[in-house]
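The values are calculated or read from the model by the stated rules, or taken from the named source; none is laboratory data. Values in this document were obtained by computation on a predicted structure and should not be read as measured data. Please note: Cβ atoms are built from the backbone with ideal geometry, for glycine as well, and neighbour counts cover all protein chains shown.
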Amino acid sequence: MSFQQLVSLIPSFERVEFSQTTQTIASPAGCHLMIIVLHGHLSVSGDNEEAVMVSQGFACHPRYSPFTIQVPKTKKAEYAVISYRMFPENSPWTLQGPLRTVSEVKIKYMLDELFQMSQDPGNLSEEEQLVQQIRKRLILERILFIYMYETGWKQETPSSSGKIEESLSYINKHYMLKLTLPMLAERAGISVGHYTTLFKNVTGTTMSRYLRTLRIDKAKQIFRQTRLPAKEVAQLVGFADYFHFSRTFKQEVGCAPAAFLKTLDEIE
């Protein structure tokens, strides 16, 4: 993807939609999509393409449609999807793949403005509607520019991104073991400071917070499926100290394990 393409083309904004759920989106012929992550992280995959973990943005080319946007089962995420076209039609616009930026605040501000202008225009005159159309085009062009420009110099090396993705996979499979930040950083072959920064960039949270939420979600799942005693469940999900488990569970869920089990029994 080069700026030479952007110089010769005119982006035309169509719509913006917000979501917090997993979904599959098909791009109409000639329609491009841009996914902007507002909170958390996502997994995005095109037709017959491997899934890519996305923490900031992702450009979807209609050639790879449909696209599956997967929200992690143990995490919350919020994202926006911008639909746009490039004119002249059938022009060589090849933007596709992960996008990165250090200008998240600017992006979100412009996204809000696009959304507000996309609402019912009310009693706007024809000229005012044309003005809004031009404003939306300029905002879209600015967003594209920021992502294209900053992706080039902020993008992590493939080895760094791959190490965090592999680390997340390891945590999700071995959450019941004693996992520490230094151990995971050493396993990834990078410093603790660098690992911490990369982990936050990818997931939007810290390693300890991610692990804590994962373990409690797994505990809730075990409670629903087995009704095992809370002390036994605590050990199964990686808590050596039951009182620590009980306190953490209450902070995450809003009630103690015993109260959660009682609620399940009442539902049945």
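Some observations on this one:
- Scope the stretch 1-39; condition part of a loop (DSSP other than H, G, I, E, B), in contact with an Asp or Glu (Cβ under 7 Å, 6 or more places away or on another chain) and under 30 Å from M207 (Cα atoms); matching residues: Q20
- Those residues of the stretch 216-254 which are β-branched (V, I, T) and over 15 Å from T74 (Cβ atoms), in sequence order: T226, V233
- Counting the residues of the stretch 58-106 that are closer than 15 Å to S43 by Cβ and among the small types (G, A, S) gives 2.
- Qualifying residue in the stretch 229-237 (condition: more than 26 Å from the chain's Cα centre (by Cα), without any contact (Cβ under 8 Å) to a residue 40 or more places away in the chain and part of a loop (DSSP other than H, G, I, E, B)): yes
- Residue pairs meeting the criteria (Cβ under 8 Å; at least 6 apart or on separate chains; first surrounded by 11 or more Cβ atoms within 10 Å (Cβ to Cβ) and part of a helix (DSSP H, G or I), in the stretch 238-255; second at pLDDT below 95 and among the hydroxyl-bearing types (S, T, Y)): E252/T213
- Every residue from the stretch 63-75 that is within 23 Å of L114 (Cβ to Cβ) and assigned to a loop (DSSP other than H, G, I, E, B): S65, V71
- Positions within the stretch 218-228 being without any contact (Cβ under 8 Å) to a residue 24 or more places away in the chain and part of a helix (DSSP H, G or I), in sequence order: Q221, I222, Q225, T226
- Within the stretch 99-137, the set of residues being aliphatic (A, V, I, L, M) and free of Cβ contacts under 8 Å to residues at least 24 places away in the same chain comprises V105, M117, L124, L130, V131, I134.
- Residue satisfying all of: in the stretch 75-84; surrounded by 15 or more Cβ atoms within 10 Å (Cβ to Cβ) and either among the basic types (K, R) or at pLDDT below 95 (or both); nearest to L211 (Cα to Cα) among these: K75
- Test: T101 is touching a Lys or Arg at 6+ places or on another chain (Cβ under 6 Å) and crowded, with 18+ Cβ neighbours inside 10 Å: no
- Assessment of the stretch 152-174 against the conditions (out of contact with any Asp or Glu (no Cβ under 7 Å at 6 or more places or on another chain), touching a residue at least 12 places away in the same chain (Cβ under 8 Å), of a type in the set (G, A, S) and farther than 30 Å from Y79 by Cβ) yields no matching residue.
- Flag for S45 being of a type outside the set (D, E, K, R), over 30 Å from Q133 (Cβ atoms) and either in contact (Cβ under 8 Å) with a residue 24 or more places away in the chain or not assigned by TED's automatic domain parsing to the domain that holds S118 (or both): yes
- Which listed residue, of L177, L124, is over 23 Å from A77 (Cα atoms), assigned by TED's automatic domain parsing to the domain that holds Y242 and not in a helix (DSSP H, G or I): L177
- Checking Q155 against (1) touching a Ser or Thr at 6+ places or on another chain (Cβ under 6 Å); (2) at pLDDT below 90, the condition it does not meet: (1)
- If the condition is being modelled with pLDDT of 90 or more and more than 29 Å from I36 (Cα to Cα), then the stretch 182-224 contributes A219, K220, Q221, I222, F223.
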